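J.: My questions all concern the structure below.
The values are calculated or read from the model by the stated rules, or taken from the named source; none is laboratory data. Keep in mind the model is a prediction, meaning the values are calculated, not measured. Note: ideal-geometry Cβ built from the backbone for every residue, glycine included; neighbour counts use all protein chains shown.
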Amino acid sequence: MILAGAAAGGLVGCNSSGSSSARTSPASAVVRHKFGSTAVPADVRRVVTVGWNDQDFVLPFGIVPVGVRGWFDNYDRLPWVQRSTAGRPLPVVSTDEIDFEQIAAARPELILAIYETVDQATYRRLSEIAPTVVQPAGRRDEETPWDAQLLITGQALGREDRAHALIKDVQTAVDRAKTEHPEFVGAVLVEDYGPENGGHYLIGKGDPRRALVDALGFATQQQKGELSEEKLSILDRDILFVLGATESQMLRSKLFARLQVVKQGRTLYTSFESDLAAALSYSGPDALLYAVDALVPRLAAALKRRS
């Protein structure tokens, strides 16, 4: 179940096992996280997102952030984003590093810094600007499951019911795909992230960037992290998903081209400029629904080519 991440996330609260806040009055919420708790005013509208993908979890609640973290250059043009923003670009207030002056200039009522590595000193500086919510307690930096991230975001925005509804929508789509494709369960899918410059980086189980394929039932290779060219045989499993490079770029490597998973057409490619790569990287609920429709047919076709 894709919801298991939220239920196991150490989130506590009012009316669900995945809750991360407790209502103290009709006017505020107290959101618990790894640095304690944060009191958030009711009905905040001016939200700044500091985490790399946090904006993708705010937009489905009908709130357009007044400042976001820059990551994918094509974010404003993504179809699920344009539905929420009417095509207006989101103001970028931080890029490689957190820019405290730009964040303060946006006059936020709430700062979300969930999908980011935030230490105590950074948290204090952000909290001096506005109430700040980071990842749930017990979660490693930049490894909060998408549903747990959505729940704590919904709690901070005072829209927990909406968060549960969004999770249900994604779960329904995933369950339907698993029912239609029982062959997904247990097949090993290796995700090679960002190999366009010749390096290889394997995404491990539980990483938010492979949340969807994990939820669809695919198994994961044991190795994760950087992989040298001499060990490319590790990629030779049921499906190889290359996220961040084109087929022509990858086939420049003779060792890569000789892999059976490549020769038999069981390798999927998507560049970072693609909507699918962005959907899987940001992994908000609307992005995941987009990715289900785009990716499931390709995964099914690849598995049919197993010899």
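J.: Name the single residue, out of those in region 71-102 being within 24 Å of Gly158 (Cα to Cα) and small (Gly, Ala, Ser), that is surrounded by the fewest Cβ atoms within 10 Å (Cβ to Cβ).
T.: Ala86
J.: Another question about this same structure. If you take the residues of region 103-146 that are closer than 29 Å to Gly204 by Cα, acidic (Asp, Glu) and touching a residue at least 40 places away in the same chain (Cβ under 8 Å), which of them is surrounded by the most Cβ atoms within 10 Å (Cβ to Cβ)?
T.: Glu116
J.: Still on this model: Just one of (1) closer than 18 Å to Ile114 by Cα; (2) in contact with a strand residue (DSSP E or B) (Cβ under 6 Å, 6 or more places away or on another chain) trips up Ile129, so point out which.
T.: Answer for Ile129: the failing condition is (2).
J.: Please name all residue pairs, on different chains or six or more residues apart, with Cβ atoms under 8 Å, provided the first residue is in region 70-94 and is free of Cβ contacts under 8 Å to residues at least 12 places away in the same chain and the second residue is part of a helix (DSSP H, G or I) and among the charged types (D, E, K, R).
T.: Correct list of pairs: Gln82/Asp76; Gly87/Asp76.
J.: Quick one: count up the residues across region 104-153 that are within 18 Å of the chain's Cα centre (by Cα) and of a type in the set (Phe, Trp, Tyr).
T.: Result for region 104-153: 2.
J.: Continuing with this model, one more query. State which residue is farthest from Leu280 (Cα to Cα) when the search covers only region 65-85 and only residues that are β-branched (Val, Ile, Thr) and under 18 Å from the mean Cα position of the chain (by Cα).
T.: Out of the qualifying residues, it is Val68.
J.: Also, I was wondering about something else. Would you please name the residue that is nearest to Pro195 (Cα to Cα), looking only at residues in region 243-268 that are at pLDDT 95 or above and in contact with a Ser or Thr (Cβ under 7 Å, 6 or more places away or on another chain)?
T.: Val261
J.: Would you call Gln149 out of contact with any helix residue (DSSP H, G or I) (no Cβ under 6 Å at 6 or more places or on another chain), surrounded by 16 or more Cβ atoms within 10 Å (Cβ to Cβ) and more than 24 Å from Ala300 (Cα to Cα)? Give the derivation first.
T.: Numbers: out of contact with any helix residue (DSSP H, G or I) (no Cβ under 6 Å at 6 or more places or on another chain): no; surrounded by 16 or more Cβ atoms within 10 Å (Cβ to Cβ): yes; more than 24 Å from Ala300 (Cα to Cα): yes.
Spelling it out, it is not the case that Gln149 is out of contact with any helix residue (DSSP H, G or I) (no Cβ under 6 Å at 6 or more places or on another chain), surrounded by 16 or more Cβ atoms within 10 Å (Cβ to Cβ) and more than 24 Å from Ala300 (Cα to Cα).
J.: Mind checking which residues of region 239-276 are without any contact (Cβ under 8 Å) to a residue 60 or more places away in the chain, within 21 Å of the chain's Cα centre (by Cα) and part of a helix (DSSP H, G or I)?
T.: Matches in region 239-276: Leu276 only.
J.: Name the one entry in Trp52, Trp80 that is assigned by TED's automatic domain parsing to the domain that holds Val134, touching a strand residue (DSSP E or B) at 6+ places or on another chain (Cβ under 6 Å), at pLDDT 95 or above and within 21 Å of Leu166 (Cα to Cα).
T.: Trp52
J.: Given the conditions (1) modelled with pLDDT of 95 or more; (2) touching a Gly at 6+ places or on another chain (Cβ under 7 Å), which single one is not true for Glu196?
T.: The single condition Glu196 does not satisfy is (1).
J.: Which one of the conditions (1) touching a residue at least 60 places away in the same chain (Cβ under 8 Å); (2) farther than 24 Å from Phe72 by Cβ does Leu216 fail to meet, given that it meets all the rest?
T.: For Leu216, the exception is condition (2).
J.: Consider Ile167 carefully, then state whether it is modelled with pLDDT of 95 or more and not small (Gly, Ala, Ser).
T.: yes
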